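Below: one structure, written as structure tokens.
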Amino acid sequence: MSERQKLFDSFMNEYMKLGDEDKSKEVVEKQKKLLAFLVKYATDRGIPFEILKSREITDLIEKDIPTSTDYFEAIMVYTQNIEDLVGNILQHLN
């Protein structure tokens, strides 16, 4: 088993111990990081993109206690942005 696989297995074992809110936070943070990587890649190559904004992201920041629905909605917003940006990048690879 590779070292990378061992680290991932360890990460997942710890992740599975988290409560739903903390799991949701982890997913949102991973999506934000992925989106940031894609934005940098696109920006460095002059690939046009538009980040879609939604109040669902603001709910996570402004609410004292976000609900699981708030997390699901934010995850959808990030996922849509990632999907759109990957599509733009793939179109410009030719």
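The values are calculated or read from the model by the stated rules, or taken from the named source; none is laboratory data. Since we're looking at a predicted model, the values are computed, not measured. Every residue, glycine as well, gets a Cβ built from its backbone with ideal geometry; the counts of neighbours run over all protein chains shown. The accessibility values were calculated without ligands, DNA or RNA, using every heavy atom of the protein model including side chains. Shrake-Rupley method; radii C 1.70, N 1.55, O 1.52, S 1.80 Å.
Give me the percent relative contact order of the chain, please, defined on Cα pairs under 8 angstrom at least 6 residues apart. Numbers along the way, then the final one.
Values: 54 pairs, mean separation 33.3, N = 94.
So the answer I get is 35 percent.
Taking a ≥ b ≥ c as the square roots of the Cα gyration tensor eigenvalues, with a/c under 1.5 meaning rounded and otherwise prolate when a/b beats b/c, else oblate, which class fits the chain?
Verdict is oblate for the chain.
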How much accessible area per residue does the chain have, counting only protein heavy atoms and a probe of 1.4 Å, in square angstrom? 75
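Span-like helices, the chain: DSSP H, alpha-carbon axial extent 27 Å or more, mean Kyte-Doolittle 0.0 or greater, which ones? The partial results should precede the final answer.
Values: long enough: 20-44 (36 Å, -0.81); 68-91 (34 Å, 0.12).
Taking the DSSP H segments of the chain (at least 27 Å long, mean hydropathy at least 0.0), we get 68-91.
Could you please state how large a percent of the accessible area of the chain is carbon and sulfur, counting protein chains only and using a 1.4 Å probe?
Numbers: 4000 of 7080 Å².
Using a 1.4 Å probe with all protein chains present, the chain comes out at 57 percent carbon and sulfur.
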Given the candidates LEU52, PHE37, THR67, the one whose Cα lies deepest towards the positive end of the charge dipole of the stretch 28-80, counting +1 at each Lys or Arg C-beta and -1 at each Asp or Glu C-beta, is PHE37
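Note down the magnitude of the dipole of the chain about its Cα centre, charges +1 on Lys and Arg C-beta and -1 on Asp and Glu C-beta and zero elsewhere, to the nearest 20 debye. Walk me through the numbers before you get to the answer.
Numbers: 13 positive and 18 negative charges, 85 e Å.
With Lys and Arg at +1 and Asp and Glu at -1, about 400 debye.
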